[in-house]
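To start, I am sharing the structure in question, which I have written as structure tokens.
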Amino acid sequence: MAALKRLVPSLNRVLVEKIVPPAKTNTGILLPEKTTKLNSGKIVAVGPGARDRNGNLIPVAFKEGDHVLLPEYGGTEVKLGDKEYHLFREDDVLGTLHE
Amino acid sequence: MAALKRLVPSLNRVLVEKIVPPAKTNTGILLPEKTTKLNSGKIVAVGPGARDRNGNLIPVAFKEGDHVLLPEYGGTEVKLGDKEYHLFREDDVLGTLHE
Amino acid sequence: MAALKRLVPSLNRVLVEKIVPPAKTNTGILLPEKTTKLNSGKIVAVGPGARDRNGNLIPVAFKEGDHVLLPEYGGTEVKLGDKEYHLFREDDVLGTLHE
Amino acid sequence: MAALKRLVPSLNRVLVEKIVPPAKTNTGILLPEKTTKLNSGKIVAVGPGARDRNGNLIPVAFKEGDHVLLPEYGGTEVKLGDKEYHLFREDDVLGTLHE
Amino acid sequence: MAALKRLVPSLNRVLVEKIVPPAKTNTGILLPEKTTKLNSGKIVAVGPGARDRNGNLIPVAFKEGDHVLLPEYGGTEVKLGDKEYHLFREDDVLGTLHE
Amino acid sequence: MAALKRLVPSLNRVLVEKIVPPAKTNTGILLPEKTTKLNSGKIVAVGPGARDRNGNLIPVAFKEGDHVLLPEYGGTEVKLGDKEYHLFREDDVLGTLHE
Amino acid sequence: MAALKRLVPSLNRVLVEKIVPPAKTNTGILLPEKTTKLNSGKIVAVGPGARDRNGNLIPVAFKEGDHVLLPEYGGTEVKLGDKEYHLFREDDVLGTLHE
């Protein structure tokens, strides 16, 4: 079976690759644990969206490449090839992060 | 009673034949357990769809032959003849897998 | 009281007569327990259907004579005369079986 | 206080007088316990009906005199004068019985 | 603070004064406990009604003076002056009683 | 920080100042505990209202100055300056009291 | 990774910076614990809003800079750089505070 590379999430699910913040700065200084605990990730793929009560399709509010803040718990672990991703429902993603 | 071959799922249920990933490559090399744990399957049959709040029929988003990612738990085991399948509600299928 | 023969289910309920698969083939050979465990039945009567949110009547998707796959649990036992039936809500019936 | 004779149920409630099946036939033969266990009753009064999501009044599907199949549990006991009745919500009545 | 006499219930709540059936007839004969257990009361005040899903106001189906059958449990005790009343949601009142 | 004096409740919340009924009459006579147990208060501020299913804003049914009957439990305690108030959802307020 | 400064909350979430009331007045007098317990904060960012049943986007009722009263419990802790914020759903914010 050829290695699976891509998952198109269903409904309003989004696929996220978690970002593990570096414990040290580029010059090797240990970052205080407090600043490194932000649970965030990059959106890799989004579903087509979910339907509202009247059957209208509501597209997902996030797009590929968005840097998003993730909840502490939840998310389904998904391994594609040797990469690890997490699948969330759109509503559980807390927001987009900007520099 | 003639052997039953086909199940047409009701509502937005989908019938899936699980794919058990090979533990070894074609040349017999043991695959690391991590890559073989993907819980996926092929869509064998889909229901007509479910109705939204206003009674409109919303067709199922998957079609026969789709390679889908399945949740770790859930699904109803169904034996047809000597083959084993699993029945899921559409919303529980996590997405479609592509090479 | 004359023997009661017929039940017209209410709402989207369906009345099912369970099919107990023969443990042996016609020629008396014992069937492997696996193939005989299919929990199925014949639809004997269906209700008028249930109403959606806007009060429209949605007719039941099954009809008399359909061979249906039943969930492992649930259903209300109903005895009419000396026959035993089971009453299900339409949504709990898993699908129709075809040879 | 004059004896109360009539209850007009509210909403989609129905008032039922349970039918206790005779343990013996007219000629005194003991009926097998299996056939006598049918939990049924006569509809004595019905409410005006309940409203759907949009406020439309949906009349009750049963009428006075209907012979109905009752669920094993549930129902509110109501004594009017020296008669005993049971009050059910329409959705809990399983269907109408016919000879 | 002048004695409070009147409560206008909110939403679809109704205020009821329970009727305690006499244990004896006018001529002093003890009534069998069975007939005296009817849990009923008089409607003293009704709220403006509740809104359906679309915001339309649905007036309460009971009016002042109605003799109503009450559920065995529930209701909020309200003391106004030295009188005791009970507050119910409209849906919990089982129906109107008539001689 | 200047002392905070005013809270504008959100959605269909209402701010209430509880009325503690006097244990004695003006002439010092002890009031029977029964009459003093009415759990009531004055409406101090109301929110803009909540939206129904279709997004229409449904204004709060109470207004500043209303004397209201409160449920025995519930409500969020709010201290503004040295005054104590309670915040309720509109639906939990039982009705308006009138002399 | 450049320090993250901004979070745009999703749906009808709002980002709040809690206000820790001073234990002493400017002239150093200890404030009674009662007055300092108000659980409030400043709105730092709001989401685009949530959709009602029919898919219409309902904007958030709060805006940046609003001084809001917070519930005693709930809220998700979010660290951006060395600042600590809390993320709430709009409905959980109790109201706006004014001098």
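The values are calculated or read from the model by the stated rules, or taken from the named source; none is laboratory data. Predicted model only: the values in this text are computed from it and were never measured. Here Cβ is always computed from backbone atoms with ideal geometry, including for glycine, and neighbour counts include all displayed protein chains. For the accessible areas, the whole protein counts, side chains as well, though only heavy atoms, and no ligand, DNA or RNA atoms are used. Shrake-Rupley method; radii C 1.70, N 1.55, O 1.52, S 1.80 Å.
Pairs, please: C-beta under 7 Å, at least 6 apart or cross-chain, first residue assigned to a loop (DSSP other than H, G, I, E, B) and in the range D:27-43, second modelled with pLDDT of 65 or more and charged (D, E, K, R)?
D:L31/D:K24; D:K34/C:K79; D:L38/C:K79; D:N39/D:E72
Restricting to the range B:37-50, give me the number of residues that are open to solvent by 40 Å² or more (accessible area, probe 1.4 Å) and either more than 13 Å from the chain's Cα centre (by Cα) or closer than 19 Å to C:S40 by Cβ (or both).
Of the residues in that region, 3 qualify.
Taking interchain pairs and intrachain pairs at least six residues apart, which have beta carbon atoms under 6 angstrom, with the first residue in the range C:61-72 and farther than 10 Å from C:V93 by Cα and the second open to solvent by less than 30 Å² (accessible area, probe 1.4 Å)?
C:E64/C:I43; C:D66/C:I43; C:D66/C:T96; C:H67/C:L97
Which ones in the range D:67-92 are under 11 Å from the mean Cα position of the chain (by Cα) and among the hydroxyl-bearing types (S, T, Y)?
D:T76, D:Y85
Something else: Please determine, by comparing only the residues of the range B:79-98 that are open to solvent by 60 Å² or more (accessible area, probe 1.4 Å) and acidic (D, E), which one is nearest to B:L7 (Cα to Cα).
Only one residue fits best here, namely B:E84.
Filter the range E:9-20 down to residues that are surrounded by 16 or more Cβ atoms within 10 Å (Cβ to Cβ) and part of a strand (DSSP E or B) and give me whichever is modelled with the lowest pLDDT.
E:I19
Next up: How many of the residues in the range E:70-95 are away from chain D (no Cβ under 11 Å) and acidic (D, E)?
3
Please go through the range D:26-49 and pick out each residue that is touching a Lys or Arg at 6+ places or on another chain (Cβ under 9 Å), at pLDDT below 70 and closer than 20 Å to D:H67 by Cα.
D:K34, D:T35, D:K37
Can you pull out the residues in the range B:67-78 that are in a strand (DSSP E or B) and exposed (fewer than 13 other Cβ atoms within 10 Å of the Cβ)?
Correct list: B:E77 only.
To continue, here is another question. Could you identify the single residue in F:A2, F:A23 that is modelled with pLDDT under 85, in contact with a helix residue (DSSP H, G or I) (Cβ under 7 Å, 6 or more places away or on another chain) and either open to solvent by 40 Å² or more (accessible area, probe 1.4 Å) or under 23 Å from E:L11 (Cβ atoms) (or both)?
Of F:A2, F:A23, the one residue that is modelled with pLDDT under 85, in contact with a helix residue (DSSP H, G or I) (Cβ under 7 Å, 6 or more places away or on another chain) and either open to solvent by 40 Å² or more (accessible area, probe 1.4 Å) or under 23 Å from E:L11 (Cβ atoms) (or both) is F:A23.
While we're looking at this one, here's another question. Hey, could you check the range E:51-66 for residues that are within 14 Å of chain F (Cβ to nearest Cβ) and open to solvent by less than 40 Å² (accessible area, probe 1.4 Å) and say which is nearest to E:V14 (Cα to Cα)?
Restricting to residues being within 14 Å of chain F (Cβ to nearest Cβ) and open to solvent by less than 40 Å² (accessible area, probe 1.4 Å), the top hit is E:V60.
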